[in-house]
Amino acid sequence: MEIAILVVFVLGYVCIAMEHAIKIDKAATALLTGTLCWTLYFISGGSAHALSEHVAQGGEADVYAFLDGRLMHHVHEISGILLFLMGAMTIVELIDAHEGFKVITDRIASRNKVKLMWIIALLSFFLSAALDNLTTAIVMISLTRKLIDDQQTRWFFGGLIVIAANAGGAWSPIGDVTTTMLWIGGQITAGSIISGVFLASLVSLLLPLTVLSFVMKGEVKRPEYKEHIERQASKRDRQLVFILGIGGLLMVPVFKTVTHLPPFMGMMFSLGLLWMVTELIHSKKIMEERSKFSPLQALRKIDMPSVLFFLGILLAVGVLNETGQLVQLSTFLKDSLGNVYAINIAIGLLSAIIDNVPLVAASMGMYEVSPAVVGDAWADLFVQDGAFWHFLAYTAGTGGSILIIGSAAGVAVMGIERITFTWYLRNIAPWALLGYLAGCAFYVFLGL
């Protein structure tokens, strides 16, 4: 059963990578992979060990009730991520409908590709720490579409945005879901993760950015907008929607901290507030004009295939987690590599292929936060804010940049810009890998 599920997962992954060669959309492949993996898991009766533990803890012995509960557990977690993604996409589309990004694009005067690349990359890096890597990727790739007309140039910028957003999210407790997991789990504290991982994350961005600065030449061509008086929002409305939209995205981590509700609730609150405001400011316009600024129109424009692709991938990874294959992988790394830094580097490389959330969850289950022991260097690595946990936050956060489907930010950019897997593999992945390894070396050898 486990072998069959693994074979389906690998075949599905290969088909996703070969999307343009086989002419099948990656969303269809991901959905088929996820549902087939769960079907095989149900047909086989699931994990006997997990079921026996469930019964021993007083649960019911009905195997299908147990399996249904496990499936719904994963659906519960996945739905929160998908709602968060859909909310962020809708807010960005609303800002775009009101031409709100002109508030920024009108202030970026440079057309030089290298200068523009540095501005976009550094803005993504720091914005990701305040928002999160997924939301930042959506906002910044929407911004580049207003600044750059040529698709190939935008793809290079899109790849750099993925690297910058993931690097920026790694050093912030709210910048990446895996860092947030470690923060909530007590493995790290907010202040310590910032000081401990910031420089390594910055190195992982600066190296690819420097290399690509020698690749990119010339100036960008701005898109030509067809101005229609009846479609334009007023300057006041444009600024209001931009401030409320970006402010709502920035408020999401604050909302979570204050209310302790899941992040998607903050995103839904921000979307509901922006929806209400846009309805009010256009309430006196005729229906045809109002529809162009309507949130319903924005909802129709969000990239649902990317959302469904994300659903399929997370369902498939959930089965691997249920069958214990991810835990077995982590145990294998522990036994074969031994050195904790080597384990973390391997986890980062694996996160480019397999979602980093279950990998970090498995690592948190394998290693407990240990008390400080005088003279025990190994135990010191696993204390709260120990080197293992900080390095895990870095590797799991930035390793996903090596492949475009290795992170939520990459999946979002891939969907919006239609960047192909093979193009990213040829043009961005080598520099992302170089930056990742440089950040690893910086952290390990300088003892940060």
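Structure summary
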read-out	value
Residue match in region 154-165 (condition: of a type in the set (Gly, Ala, Ser), touching a Leu at 6+ places or on another chain (Cβ under 6 Å) and part of a helix (DSSP H, G or I))	yes
Residue pairs meeting the criteria (Cβ under 7 Å; at least 6 apart or on separate chains; first within 25 Å of Met18 (Cα to Cα), in region 382-409; second part of a loop (DSSP other than H, G, I, E, B) and aliphatic (A, V, I, L, M))	Gly399/Ala352; Gly400/Ala352; Ile402/Ala352; Leu403/Ala352; Leu403/Ile353; Ile404/Ile419; Gly406/Ala352; Gly406/Ile353
Candidate set: region 167-184, residues that are touching a Ser or Thr at 6+ places or on another chain (Cβ under 7 Å) and either surrounded by fewer than 24 Cβ atoms within 10 Å (Cβ to Cβ) or aromatic (Phe, Trp, Tyr) (or both); chosen: the one modelled with the highest pLDDT	Trp171
Residues satisfying the stated conditions in region 58-89, i.e. in a loop (DSSP other than H, G, I, E, B) and at pLDDT 60 or above	Asp62
When residues of region 428-445 are limited to those that are among the small types (Gly, Ala, Ser) and in contact with a helix residue (DSSP H, G or I) (Cβ under 8 Å, 6 or more places away or on another chain), the one surrounded by the fewest Cβ atoms within 10 Å (Cβ to Cβ)	Ala438
Any hit, region 382-390, residues being modelled with pLDDT of 75 or more, in a helix (DSSP H, G or I) and aromatic (Phe, Trp, Tyr)	yes
Of residues in region 339-372 being part of a loop (DSSP other than H, G, I, E, B) and at pLDDT below 70, the one farthest from Tyr13 (Cα to Cα)	Ala372
Some residue of region 229-252 being over 28 Å from Ile120 (Cα atoms) and either among the hydrophobic types (A, V, I, L, M, F, W, C) or under 28 Å from the mean Cα position of the chain (by Cα) (or both)	yes
Qualifying position, being assigned to a helix (DSSP H, G or I), small (Gly, Ala, Ser) and closer than 28 Å to Ile95 by Cβ, among Ser204, Ser213, Ser142, Ser195	Ser142
Out of Leu311, Leu250, Leu244, Leu261, sole residue that is within 22 Å of Phe101 (Cα to Cα), hydrophobic (A, V, I, L, M, F, W, C) and modelled with pLDDT of 80 or more	Leu244
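The values are calculated or read from the model by the stated rules, or taken from the named source; none is laboratory data. Bear in mind that the values here come from a model prediction, so they are computed numbers and not experimental data. No Cβ is skipped: glycine too gets one built from the backbone with ideal geometry, and neighbour counts run over all protein chains shown.
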